[in-house]
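The values are calculated or read from the model by the stated rules, or taken from the named source; none is laboratory data. In this text the structure is predicted, and so the values were computed from the model without any measurement. Here the Cβ positions follow ideal geometry from the backbone for every residue, glycine too, while neighbour counts run over all protein chains shown. SASA here: full protein model, heavy atoms, side chains in, ligands and nucleic acids out. Shrake-Rupley method; radii C 1.70, N 1.55, O 1.52, S 1.80 Å.
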Amino acid sequence: MTVKRICCMGAGYVGGPTMAVIADRCPDVQVTVVDLNEQRIAAWNDADLSRLPVYEPGLDSVVGRARGRNLHFSTAVEHSIAAADMVFISVNTPTKTKGVGAGQASDLRWVEACARTVAQSATGHTIVVEKSTLPVRTAAAIKTILEAAQADDQQRSFSVLSNPEFLAEGTAICDLEAPDRVLIGGEDAASIEALAGVYSHWVPEQQILRTNLWS
């Protein structure tokens, strides 16, 4: 499977720079970053690149090269998901402040809300990529929601991949353009190869590590 259209849910510190680099290095892939925060999307679309909502050295030139060509920032969440072959979920997983696990466990409600939106809006077969610092539990939560949606509607199918991020503030663009490794975990070999195919536009094959969802 060749990925032609990517949608990323979450225009924050991880989603914005990651998608900008993917769009820059994969000119044949249309990349749309969606967010419900209209001000944040407006800032990503600002003609003045010094006003981008995330400051990272080098990000302005990457966005400048790709934006409008194959990198788009939008609030049309459902429409962008419906058109995508692959959806990245790249939203906050803060530590819970109340309830069971407060102060220690991760709050997955934003991730779960995204998964429900994907379940409602996706068409055909969609590869859903969990992109966070909390791979295993997050991917499992997404998988549960999508499996329920698939059982309700046989016209749609999903496979879930985990692609954890290792970005450090101040060097995120360097980390993305020359990663020491890219980790892809999943259960469906074709979906793993589809995501590996995106990264292989610029990452050497031996640095793309494939594993199962739990490793």
Point to revise | Two-site label geometry, H125 and W202: point separation in nm, points 7 Å out along Cα→Cβ | key: 2.8
Study note, to complete from the structure: Counting as exposed only chymotrypsin sites (Phe, Trp or Tyr not before Pro) in DSSP loop states with no more than 16 other Cβ atoms inside 10 Å, the longest exposed-site-free span of the chain is 56-165
Exercise for review: Find which of L183, T144, S162 sits farthest along the positive direction of the dipole of region 139-184, computed with +1 on the beta-carbon of Lys and Arg, -1 on that of Asp and Glu, about the Cα centre.
Suggested key: T144
Review point. What percentage of the solvent-accessible surface of the chain, computed with a 1.4 Å probe over protein heavy atoms, is contributed by carbon and sulfur atoms?
Key: 50
Practice item. Subtracting the Cα-Cα distance from 0.36 nm times the residue separation, let me have the gained length for A178 to N37 in nm, one decimal. Key: 47.7 nm
Exercise for review: Only helical DSSP H runs with n ≥ 4 go in: add -39500 (n - 2.57) per run for the chain, normalise by residue count and round the 222 nm mean residue ellipticity to 500 deg cm²/dmol.
Suggested key: -11000 deg cm²/dmol
Point to revise | Label-point separation in nm, D46 to A83, each point 7 Å along Cα→Cβ | key: 2.5
Exercise for review: Give the ranking of S132, S61, S215 by solvent-accessible surface, highest area first, calculated with a 1.4 Å probe.
Suggested key: S215, S61, S132
Practice item. Taking the Cα centre of the chain as origin, work out the dipole magnitude from +1 charges on Lys and Arg Cβ and -1 charges on Asp and Glu Cβ, in debye rounded to 20. Key: 240
Review point. Measuring from label point to label point, each 7 Å out along Cα→Cβ, what is the E187 to W214 span in nm?
Key: 1.1
Check your understanding: Cα gyration tensor of region 117-215, axes a ≥ b ≥ c as square roots of the eigenvalues: rounded (a/c below 1.5), prolate (a/b > b/c) or oblate?
Key -> prolate
Revision key, fill the gap. The extension gain from A151 to F166, computed as 0.36 nm times the residue separation minus the Cα-Cα distance, is 2.0 nm
Point to revise | Prolate/oblate/rounded label for the chain (Cα gyration tensor, a/c 1.5) | key: rounded
